[in-house]
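This report refers to the structure that appears directly beneath it.
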Amino acid sequence: MKFNVNQKELQEALSYCQGVIEKRSTLQILSNVLLNASNSKLTITATDLDLIFIHQIENVEILEEGNTTTTSSIMFDIVRKFSSDKKLNLSMNSQNKLQLESEKSIFNLNCIDSSEFPLTEENFNDNTFVINSKHFLKLLNKCKFSISNDETRHYLSGIYFHQTEVEDKIYLTAVATDSHRMSISKIRLSEKINFDPIILPKKTIFQLCSLLDNYDGDLKISNLKSKIKFELTNSILISKLIDGKFPNYVQVIPKNNQKKLESNLKSFLGSIDRVASVSLDKKDGVKFKLSKDTLNLSVNNTTSGDGNETLGVKFDHDLEISFNSRYLIDVASQLDGEKIEFFLNDTGSPALIKDPSDFDSIYVVMPMKG
């Protein structure tokens, strides 16, 4: 195997691989990337057995076709230290050494034979649909902060995707909750798709976010019973799905929260962030003391002190309620418009939060006691 490749393209591909490969893998081969050079393309594959990432670099100058595997983190570390857009020359100079050279540097990296690399071929032809990548990224971003970190309830450690129908319109709806807060976001589909409800794991979500951040185009999605495949122009991500039943989230959405609080988003976010500064771990509740068109925010921490701030808002009632400040900052940071709306009921009931500029996303946050 012998080929020349652009530094920037190789670095980008290897950086995505870093997100897939487990740092503490017991199997050496799982720390490696599979490199395959053929047909003027370099194909790079990484896996942790639950997630497979495949990336193709086109128009590679291949002098000799072939394949091998080498340690992903070491190769990435070397490649990223060369200046951008340099030409890197790679060649196998023996059965188990990959030589990487550029300018005055030569590295010989240990390899494991590619036959040991675990690859499974799946046939995903049945259920396929295409979606705008930025729309799908929006769903991921609006929901990912509400994913649960509780290992015991594995069915909450991902985003639940399913098809919904409202007034003859078809949507792809995403939901995530950790039982203290919940995010729901949806995007309109032009037609019904052949798609069974799935729970997409957290690691896959974050990997997809980094891929879609730098990508503008169509995203092709195909799913089998226990796996899903995402295809971009030059990358493929195949993931196992979470096996479990997502709870009935619709019954958690507050139906009778009549007290509407409206605030400028920027002012609200700034105020919450400032008063929460006295709470070191952001675990202390931020107390809302609401009266006519006035919101008083306060945080009291026994070790570090307290903070207070008053904000002019639109509100017509008297109410006191406390929330985890981190949860409010997470939600407010995802809103796109200039305003934030809270729909409240009483001190002990969850709040419904909306973004007036995005009718397709809503958030529910449970209040804190005391």
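The values are calculated or read from the model by the stated rules, or taken from the named source; none is laboratory data. Predicted model only: the values in this text are computed from it and were never measured. Reconstructed Cβ throughout: ideal geometry from the backbone, glycine too, with neighbour counts over all protein chains shown.
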> Out of region 324-346, which residues are out of contact with any Ser or Thr (no Cβ under 8 Å at 6 or more places or on another chain) and surrounded by fewer than 16 Cβ atoms within 10 Å (Cβ to Cβ)?
Replying inline: S333, D346
> So which of L88, L139 ends up being at pLDDT 95 or above, in a strand (DSSP E or B) and crowded, with 18+ Cβ neighbours inside 10 Å?
Replying inline: L88
> In region 286-298, what count of residues is obtained for those that are in a strand (DSSP E or B) and either out of contact with any strand residue (DSSP E or B) (no Cβ under 6 Å at 6 or more places or on another chain) or at pLDDT below 95 (or both)?
Replying inline: 2
> Can you tell me which residues in region 156-172 are of a type outside the set (D, E, K, R) and either surrounded by 20 or more Cβ atoms within 10 Å (Cβ to Cβ) or modelled with pLDDT under 95 (or both)?
Replying inline: L156, S157, G158, I159, Y160, F161, V166, L172
> Among the residues of region 45-60, is there at least one that is over 30 Å from K202 (Cβ atoms) and among the hydroxyl-bearing types (S, T, Y)?
Replying inline: no
> Of the residues in region 299-316, how many are part of a strand (DSSP E or B), within 25 Å of H180 (Cα to Cα) and of a type in the set (A, V, I, L, M, F, W, C)?
Replying inline: 1
> What single numbered condition from (1) farther than 20 Å from F145 by Cα; (2) touching a residue at least 24 places away in the same chain (Cβ under 8 Å); (3) touching a helix residue (DSSP H, G or I) at 6+ places or on another chain (Cβ under 6 Å) fails to hold for A276?
Replying inline: (1)
> Does N301 satisfy the condition of being over 18 Å from Y363 (Cβ atoms), modelled with pLDDT under 95 and assigned by TED's automatic domain parsing to the domain that holds L265?
Replying inline: yes
>> Which residue is nearest to I147 (Cα to Cα), if the candidates are limited to region 246-273 and must be without any contact (Cβ under 8 Å) to a residue 24 or more places away in the chain and in a loop (DSSP other than H, G, I, E, B)?
In response: N248
> Out of (1) out of contact with any Phe, Trp or Tyr (no Cβ under 8 Å at 6 or more places or on another chain); (2) surrounded by 15 or more Cβ atoms within 10 Å (Cβ to Cβ); (3) assigned to a strand (DSSP E or B), the odd one out for F76 is which?
Replying inline: (3)
> Just wondering, is there one or more residues in region 312-322 that are small (G, A, S), touching a residue at least 12 places away in the same chain (Cβ under 8 Å), loosely packed, with under 14 Cβ neighbours inside 10 Å and farther than 16 Å from K260 by Cα?
Replying inline: no
> When you go through (1) assigned to a helix (DSSP H, G or I); (2) surrounded by fewer than 16 Cβ atoms within 10 Å (Cβ to Cβ); (3) not basic (K, R) one by one for N123, which number turns out not to apply?
Replying inline: (1)
> If you go through region 317-350, how many residues are outside any helix (DSSP H, G or I) and either in contact with a Lys or Arg (Cβ under 6 Å, 6 or more places away or on another chain) or not assigned by TED's automatic domain parsing to the domain that holds L297 (or both)?
Replying inline: 7
> Looking at region 13-32, which of its residues are over 26 Å from I242 (Cβ atoms) and surrounded by 19 or more Cβ atoms within 10 Å (Cβ to Cβ)?
Replying inline: A13, L14, N32
> Looking only at region 299-346, which residues are within 18 Å of M368 (Cα to Cα), more than 25 Å from the chain's Cα centre (by Cα) and among the β-branched types (V, I, T)?
Replying inline: V299, T302, I321
>> Among the residues that make up region 285-298, is at least one of them of a type outside the set (V, I, T) and within 29 Å of the chain's Cα centre (by Cα)?
In response: yes
>> I236 - would you say it is in a strand (DSSP E or B), in contact (Cβ under 8 Å) with a residue 24 or more places away in the chain and not basic (K, R)?
In response: yes
>> Condition first: part of a loop (DSSP other than H, G, I, E, B) and farther than 28 Å from K23 by Cβ. Now tell me which residues in region 91-107 satisfy that.
In response: E103, K104
